[in-house]
1. Can you run down the residue pairs with Cβ atoms below 6 Å, 6 or more apart or on separate chains, where the first is in segment A:368-381 and modelled with pLDDT of 95 or more and the partner is in a strand (DSSP E or B) and small (Gly, Ala, Ser)?
2. Could you pull out the residue among A:82, A:73 that is without any contact (Cβ under 8 Å) to a residue 60 or more places away in the chain and more than 9 Å from every other protein chain (Cβ to nearest Cβ)?
3. When you go through A:239, A:179, A:174, A:144 one by one, which is the residue that is modelled with pLDDT of 95 or more and under 21 Å from the mean Cα position of the chain (by Cα)?
4. Restricting attention to segment B:85-123, and to residues there that are free of Cβ contacts under 8 Å to residues at least 60 places away in the same chain and among the polar types (S, T, N, Q), which single residue is nearest to residue A:362 (Cα to Cα)?
5. Select from segment A:72-85 the residues that are outside any helix (DSSP H, G or I), at negative phi and not small (Gly, Ala, Ser) and list them in ascending order.
6. Please tell me if residue A:138 is modelled with pLDDT under 95 and more than 30 Å from residue B:323 (Cα to Cα).
7. From B:349, B:338, grab the single residue that is modelled with pLDDT of 95 or more and surrounded by 24 or more Cβ atoms within 10 Å (Cβ to Cβ).
8. Output the residue which, of all residues in segment A:182-204 that are among the charged types (D, E, K, R) and in a helix (DSSP H, G or I), is surrounded by the fewest Cβ atoms within 10 Å (Cβ to Cβ).
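The values are calculated or read from the model by the stated rules, or taken from the named source; none is laboratory data. Just so it is clear, the model here is predicted, and its values are computed rather than measured. All Cβ positions, even for glycine, are placed from backbone atoms using ideal geometry, and neighbour counts span all protein chains on display.
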Number of protein chains: 2
Amino acid sequence: MELDVDLAPLREHLESDRLDGYLIDDDASDAAQRYVSGFTAPDPYQTLVDDDGTHLLVSGLEYGRATADASADSVTRLSTYDYQELVGEHGAYEAKSRALAAFLEDHGVESIAVPQNFPTGTADGLREQGLAVTVESEGIVETIRATKTDWELEQIRSSQRANEAAMARAEELIATADIEDGLLVRDGEPLTSERVTEAIEITLLRHGCALDETIVACGADAADPHDRGSGPLAADELIVIDIFPRDKETGYFADMTRTFARGEPGEEARRRYEVTREAYETALEAVEAGATGAEVHGAACDVIEGAGYDTLRSDPDTETGFIHSTGHGVGLDIHEQPSVSPAGGDLEPGHVISIEPGIYDPAVGGVRIEDLIVVTEDGYENLTNYRVGLEPTAE
Amino acid sequence: MELDVDLAPLREHLESDRLDGYLIDDDASDAAQRYVSGFTAPDPYQTLVDDDGTHLLVSGLEYGRATADASADSVTRLSTYDYQELVGEHGAYEAKSRALAAFLEDHGVESIAVPQNFPTGTADGLREQGLAVTVESEGIVETIRATKTDWELEQIRSSQRANEAAMARAEELIATADIEDGLLVRDGEPLTSERVTEAIEITLLRHGCALDETIVACGADAADPHDRGSGPLAADELIVIDIFPRDKETGYFADMTRTFARGEPGEEARRRYEVTREAYETALEAVEAGATGAEVHGAACDVIEGAGYDTLRSDPDTETGFIHSTGHGVGLDIHEQPSVSPAGGDLEPGHVISIEPGIYDPAVGGVRIEDLIVVTEDGYENLTNYRVGLEPTAE
């Protein structure tokens, strides 16, 4: 197992709250499940952390792979508890609670903490079986996951290398497009958001990464930070490209955004680009161990408000200006701890965060500049090696 | 909105159980959330179904898109309930329950049903705020989702067309490879699982589909139905290719598996292929409205056991033979209702299911043949247009 997880803070919590174990019931799309179990499966399985180790309960279909791959001290299969008979007798809903209660009893566990997103069906089912189930509301596993091991940093770096290759391909397509009737054109066809996205995705695939969504948004589309963009890319308009690939083997994400314009986007768009760039640089300078995510976010807001644009701090209801937070943790989830927002707490060495201020308005378009960094004792190391500039260039 | 969801069975349940509403708290990776809200967002949002409609609670970031896109009668943003102030006062965990309780109060809702996978943190938080929260354990929304509308069938057909193109590309690569020292070779390099997977994924991308995992597994790898396969593909061995793409726009999956062999896989492998094919044909013949998933699964087991191989029915602990169920529903989830397994209930017109028996043994390899079909009154319509045959051919 490459990922050596330190669950000591979780065990300390269990001990101080006098709970026998911590239980996850999810498939491997749940980052905490994947992290704690060291295993991936498409259907839900259960991971118990107690004082003598990490224990998996899996279906017969997963048993072979789980015993070989998982970072678990024991693997038990559901059929041990006559699961199919329980389904016949009690239905699938109650059968699951009964099998799980028997598994917990085998481990001497009578009281458990569960993550906030633990299924209510399982929690209430276990309560009916006499177990004490308490929600662990501090997010201890998320906090543990926020600090990356050296191995995890390597995986994130690798995903960001793929990201840089994909961004370079996208930038090249935009830089070398012809301009006809105000539209970008290549090979006689309009260069669309969809064509650029396809080029990005193929580049990522060749680097072992995949992604569910990419943002290649032009003009008013880009004024909504979650709009993926569609249709022809125009000259004289801002084009936001935000790529967040995930390594298909390891599951680790990367994240980067650049904003480009061909032709003349206009004075106001250029000003917004420079203000965003200053907010990005100022936020980066504010990062160090001991600073809070709130302070870093505040530093970005200061710049943007100082230039006369709204932020959610100056107007919580604004739909233009800087309408999201400055950044977020990145790892097995694309959005994870720590937060670089008004609620963001202390940054610690090993935290991997995005720094991504932006300014949006449908009348002008969107600007966003985003790097991925790792917090160090006295500042940060930038995990992103990609030029910042509004004018696209081909290498 | 293209998807016209009929939630009448859910409202009947609420009425009969005297509950005021049904609440989903998840991001759009949850199929029920996507289906009921008609909206997609990467972070959790809340969807309330009550007697006067469907109501969304979203962050400010999603508000514009939600009002434009969602199939909701009302959209409210979190800031309506002073969410940021609540976070400052009570912390993020309790702030969410308080904002959500205020939203429910605005709709006159005091008691709610929630899906089994509803977050325990939210359920217990709402209970602390005085709400009555009951798990809806029958899976009513999953049952509604199992029966596809004509629009949904079109989306699934479209994903299966992409799948057929990708399978054809994979088959062609295998069919036209050279054989050197027992390995498949193309352009002087070994033809690996990874190379075939990349060709599949690029084909899918060009058809607007993506996938997290593909299975291209050869020899002993293919004896584990969830092993994705890796390394060089060998001649004289069974190669299982299982592709389950998802349309990137609509979110609908398709699913298909074929097994190929170049050279001479041997008599036992050929026999297993023929038995699997007979099980697949027999299971298909058993499908019709009114038959149960259990009966269809039983028909496949009869064939495989009759040929002398184990199934989970003949030996629940077996690790060889037919070690999974015959099929599953496919839609916004790759595994959804109905089940074609020992627990499978009545099949109904409009159910979309896979039929995919297989036989596995590390000593021989794996065989699986899978089509995607839609149940009709008197049988089924096959949504898959792809030849079944062990010998790969290039078109």
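1. Qualifying pairs under 6 Å: A:368/A:358; A:370/A:354; A:372/A:354.
2. On the way: A:82 fails: more than 9 Å from every other protein chain (Cβ to nearest Cβ).
None of the others qualify; the one that does is A:73.
3. Values: A:239 fails: under 21 Å from the mean Cα position of the chain (by Cα); A:179 fails: under 21 Å from the mean Cα position of the chain (by Cα); A:174 fails: under 21 Å from the mean Cα position of the chain (by Cα).
Checking each option against the conditions leaves just A:144.
4. Initial filter on segment B:85-123 (free of Cβ contacts under 8 Å to residues at least 60 places away in the same chain): B:85-99, B:101-103, B:105-106, B:116, B:120-121, B:123.
After this cut, where a residue has to be among the polar types (S, T, N, Q) as well, the list is B:97, B:116, B:120.
Numbers: B:97: 33, B:116: 40, B:120: 39 Å.
Residue satisfying both the conditions and the ranking: B:97.
5. So the first thing to find is which residues in segment A:72-85 are outside any helix (DSSP H, G or I), and the list is A:72-77, A:82.
From what's left, at negative phi: A:72-77.
Hits for segment A:72-85 are A:73, A:75, A:76, A:77.
6. Values: modelled with pLDDT under 95: yes; more than 30 Å from residue B:323 (Cα to Cα): yes.
So residue A:138 passes the test.
7. Details: B:349 fails: surrounded by 24 or more Cβ atoms within 10 Å (Cβ to Cβ).
Step by step, each of B:349, B:338 is checked, and only B:338 is modelled with pLDDT of 95 or more and surrounded by 24 or more Cβ atoms within 10 Å (Cβ to Cβ).
8. Looking at residues that are among the charged types (D, E, K, R) and in a helix (DSSP H, G or I), I get A:194.
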